[in-house]
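The values are calculated or read from the model by the stated rules, or taken from the named source; none is laboratory data. What you are looking at is a predicted structure, and each value in this text was computed from that prediction instead of being measured. Heads up, the Cβs are rebuilt from the backbone with ideal geometry, glycines too, and the neighbour counts pull from every protein chain shown. Side chains included, ligands, DNA and RNA excluded: accessible areas come from the protein's heavy atoms. Shrake-Rupley method; radii C 1.70, N 1.55, O 1.52, S 1.80 Å.
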Amino acid sequence: MYPDRVVSGMRPTGSMHLGHYHGALKNWIRLQTELPCLFFVADWHALTTHYDDPGVIERSTWDMLVDWLAAGIDPSQSTLFIQSRVPEHAELHLLLSMATPLGWLERVPTYKDQIDNLSNKDLATYGFLGYPLLQAADVLIYRASQVPVGEDQLPHIEMMREIARRFNHLYGKEKGFEEKAQKAVKKLGSKRARLYNELRTEYQQDGKDEALEQAKAMLDDAQSLSLGDRERLFGYLEGSRKLILVEPQARLTEASRLPGLDGRKMSKSYGNAIALREDKDSVSKKIKTMPTDPARVRRSDAGDPARCPVWQFHQVYSDKPTQEWVVKGCTSAGIGCIECKQPVIDAIIKEQEPMHERAQPYLDDPSLVRAIVADGNDVARKLALETMRDVREAMGLAYT
Ligand code: TRP
Ligand code: SF4
């Protein structure tokens, strides 16, 4: 009933590297051609872990936006904005917090993991516990249908869905809902009304998901309905509530995982990263000095690609013939490691060339980035306010 829409965000806690590009940005860039997309800098989320060092956030925000644009996020297709510039995210977060059981937040796996992993920080804070709830607000406030994320974020998406369901259950109640819904069914016209009732019964009695989908598609086509009646009819299909918030789907990035230079996860803090806009010489130097199969000590020793991080780079960057050349050459000691690395160096430099080009105008004139974001903030805020109007009304805060 609500238009398909994609929402995702990233935390501005440092500069972007090729791991982010292959892990997330490439997916965003593909999606922006398929659906309306909103991409935002999650500066409040960064504060949950960097509250004692907020300086890095502002700097990283602008760098990150340039990185997105450099990577190919197109501001004429996607809406780019900064989370804290749409303060309604905070309002929705607060309202959702009223009915969110503490256990839901405490049980999110990233919660305890992060507290253990980042033991140098005190994360036993109110803000950090609320991290996934703020993330739920980020998405639900746009009634997004899809959220491109990595696998680690799946529990957060699952929780958002529960939050949306709970919200609709608690606040989608309406006096005389049943009668209003039945009146709305009549407005569909007799043929469609009959089909609606049949499909609703099939779904509710026999649990036929196809019936639900078919009924939803029919409602999408029924142009003449008012917004209120649509909400009722969508809600009536599944139960006896209006659907005010939408349950989003996770859209997983397809697996092209680029590890760091040492084979661990790429991360600036491990010192194993290549920046998105790293200069050529530095790329070349980093790859030339990256570790290889530790058992391959001399050039005459055969190696095993499975034990070599360079091979993982080939899997992302090289075509089949090159990959075959690597496997054969490595396992027979037919090629040396420096030779093996050259196609990777060439491919990374080639990938980055257009990024440097696209970034240049924004580096020359930073006001261009400011303007793109100012526009994006306005677009996002308008959409957020539409949802908040319904949310406030549903919760009895409309005061008209
Ligand atoms: N938690 C996400 C991450 O660490 C960032 C994020 C914040 C986000 N809000 C979001 C992602 C909303 C998707 C949708 O990667
Ligand atoms: Fe790694 Fe290539 Fe050297 Fe084999 S030849 S150990 S795959 S760098």
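Go through the stretch 257-272 residue by residue and turn each phi into a ³J(HN,Hα) via Karplus (6.51, -1.76, 1.60, θ = phi - 60°); whole Hz please, and just put x for glycine and proline.
Going residue by residue, I get 8, 9, x, x, 4, 9, x, 7, 4, 5, 7, 4, 5, 8, x, 10 Hz, with x marking Gly and Pro.
Pull up all non-local amide H partners of Lys265: gap of 5 or more, or a different chain, and H-to-H distance under 5 Å with H placed in the peptide plane.
Under 5 Å from the amide H of Lys265 lie the amide H atoms of Gly260, each far enough along the sequence or on another chain.
Could you tell me which of Phe177, Leu227, Gly189 has its Cα farthest along the dipole of the stretch 177-238 towards the positive end, charges placed at Cβ (Lys, Arg +1; Asp, Glu -1), taken about the Cα centre?
Among Phe177, Leu227, Gly189, the one farthest towards the positive end of the dipole of the stretch 177-238 is Gly189.
State to the nearest 20 debye the size of the charge dipole of the chain about its Cα centre, where the only charges are +1 on K and R beta carbons and -1 on D and E beta carbons.
Charge dipole, the chain, about its Cα centre: 540 debye, nearest 20.
Place +1 on the Cβ of every Lys and Arg and -1 on the Cβ of every Asp and Glu in the chain, take the dipole about the Cα centre, and give the residue among Ala144, Ser119, Leu212 whose Cα lies farthest towards its positive end.
Farthest towards the positive end: Leu212.
What's the carbon and sulfur percent of the stretch 277-364's accessible surface, probe 1.4 angstrom, rounded to a whole number?
The nonpolar share, carbon plus sulfur, comes to 53 percent.
Order Ser145, Ser190, most accessible first, counting only protein heavy atoms with a 1.4 angstrom probe.
Ranked list, largest accessible area first: Ser190, Ser145.
About the Cα centre of the stretch 177-238, how large is the charge dipole given +1 on each Lys and Arg Cβ and -1 on each Asp and Glu Cβ? Please answer in debye to the nearest 20.
420
Roughly how big is the stretch 241-376's charge dipole about its Cα centre, with Cβ charges of +1 (Lys, Arg) and -1 (Asp, Glu), in debye to the nearest 20?
Roughly 540 debye, rounded to the nearest 20.
How charged is the neighbourhood of Gly271? Take every other residue with its Cβ under 15 Å from the Cβ of Gly271, and add Lys/Arg as +1 and Asp/Glu as -1.
Once positives and negatives cancel, what remains is +3.
What whole-number value in Å² describes the accessible area per residue of the chain for a 1.4 Å probe?
50
Just to check I understand the Karplus step: with θ = phi - 60° and J = 6.51 cos²θ - 1.76 cosθ + 1.60, what whole-Hz values come out for the stretch 296-310, glycine and proline as x?
8, 7, 9, 4, 7, 6, 6, x, 10, x, 4, 9, 10, x, 4
For a quick check of your reading of the filter: which GluC sites (Glu not before Pro) in the stretch 79-126 sit in a DSSP loop and have no more than 11 other Cβ atoms within 10 Å?
none
In whole Å, how far is the Cα centre of the stretch 161-240 from that of the stretch 277-304?
Cα centroid to Cα centroid, the span is 60 Å.
Contact order normalised by length for the stretch 277-364, with contacts defined as Cα pairs under 8 Å and 6 or more residues apart; what percent is it?
Computed value for the stretch 277-364: 32 percent relative contact order.
If you take the charge dipole of the chain about its Cα centre, with +1 on Lys and Arg Cβ and -1 on Asp and Glu Cβ, which of Ser367, Leu245, Ser282 is farthest toward its positive end?
It is Leu245.
Would the stretch 277-397 count as rounded, prolate or oblate if I go by the C-alpha gyration tensor, calling it rounded below 1.5 in a/c and otherwise prolate when a/b exceeds b/c, oblate otherwise?
Prolate.
Report, by chain and number, residues whose modeled amide H sits under 5 Å from the one on Gly9, excluding near sequence neighbours (fewer than 5 apart, same chain).
Residues meeting the criterion, in which the H sits 1.01 Å from N, are Phe40.
What's the ranking of 10-18, 293-301 by average number of surrounding C-beta atoms within 10 Å, highest first?
Descending packing order for the listed peptides: 10-18, 293-301.
Within 13 Å, Cβ to Cβ, of Ser226, how many net charges do the neighbouring residues add up to if Lys/Arg are +1 and Asp/Glu are -1?
+4
Efficiency by 1/(1 + (r/R0)^6): what FRET value for Ala306 and Arg166, r their Cβ-Cβ distance, R0 = 51 Å, to the nearest 0.05?
0.65
If we sort 223-233, 273-283 on the protection proxy, mean other Cβ atoms within 10 Å, highest first, what's the order?
273-283, 223-233
Run lengths n ≥ 4 of DSSP H only: what is the helix-derived mean residue ellipticity at 222 nm for the chain, with -39500 (n - 2.57) per run over all residues, to the nearest 500?
Roughly -17500 deg cm²/dmol at 222 nm, from the helical runs in the chain.
Order Asp304, Asp113, Asp43, most accessible first, counting only protein heavy atoms with a 1.4 angstrom probe.
Most to least solvent-accessible, the answer reads Asp113, Asp304, Asp43.
Excluding Tyr2 itself, what net charge comes from residues whose Cβ is under 12 Å from its Cβ, given Lys and Arg +1 and Asp and Glu -1?
Overall, the nearby charge balance is -2.
Short version: ³J(HN,Hα) in whole Hz for each residue of the stretch 117-126, in order, from phi by Karplus 6.51 cos²θ - 1.76 cosθ + 1.60 (θ = phi - 60°), x for Gly and Pro, what are they?
5, 9, 5, 6, 10, 8, 9, 7, 10, 4
Quick check: with the 1.4 Å probe, what order do Lys173, Lys180, Lys216 take by accessible area, largest first?
So the residues, ranked largest to smallest area, are Lys173, Lys180, Lys216.
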